[in-house]
Amino acid sequence: MTFVADIVCEMSGQNPPQAPAPTLGVMMRCCGVYTRIRRVAAGDAYAGHCPRCARPVRVPISTDGTGSTDRIFEAG
C-alpha cells in the first residue's frame, strides 16, 4: 500500500517524513528554564543542553526504567 505522502515525496525527490525522535522534558535548575532533550542515535541515553547557558545534560537509559510515572525531570 502506498500512501499519498510517499507518492508526493517520490515525485519531489524528497525523503518521506519520519517520526520525531523520542524526548524527555527537563527543568534546568541552572537557569530555571524548561527544555526537551532527545534520544541519541545509539539509543542508550537522552542528551541535550540548557538553552541559556549551554550546560550539557545526559540521561542514561536503564533497562529497569525510572520506577516513576514522571515525564519531566530536573537537571543542572
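Across segment 52-76, the qualifying residues are those that are part of a loop (DSSP other than H, G, I, E, B) and open to solvent by 100 Å² or more (accessible area, probe 1.4 Å), and the one among them that is modelled with the lowest pLDDT is Thr69. Within segment 33-51, being open to solvent by less than 50 Å² (accessible area, probe 1.4 Å) and out of contact with any strand residue (DSSP E or B) (no Cβ under 7 Å at 6 or more places or on another chain) holds for Val33, Gly43.
Evaluating Asn15 against the criteria (1) part of a loop (DSSP other than H, G, I, E, B); (2) surrounded by 10 or more Cβ atoms within 10 Å (Cβ to Cβ); (3) modelled with pLDDT under 90 leaves one unmet condition, (2).
With respect to Gly25, determine if the residue is surrounded by 11 or more Cβ atoms within 10 Å (Cβ to Cβ) and either modelled with pLDDT under 90 or on the phi < 0 side of the Ramachandran plot (or both). Judged against the criteria, Gly25 is a match.
The values are calculated or read from the model by the stated rules, or taken from the named source; none is laboratory data. The shown structure was predicted, so the numbers you read here are calculated from the model rather than taken from an experiment. Every residue, glycine as well, gets a Cβ built from its backbone with ideal geometry; the counts of neighbours run over all protein chains shown. Quick note on the areas: whole protein, heavy atoms, side chains included, nothing else; ligands and nucleic acids left out. Shrake-Rupley method; radii C 1.70, N 1.55, O 1.52, S 1.80 Å.
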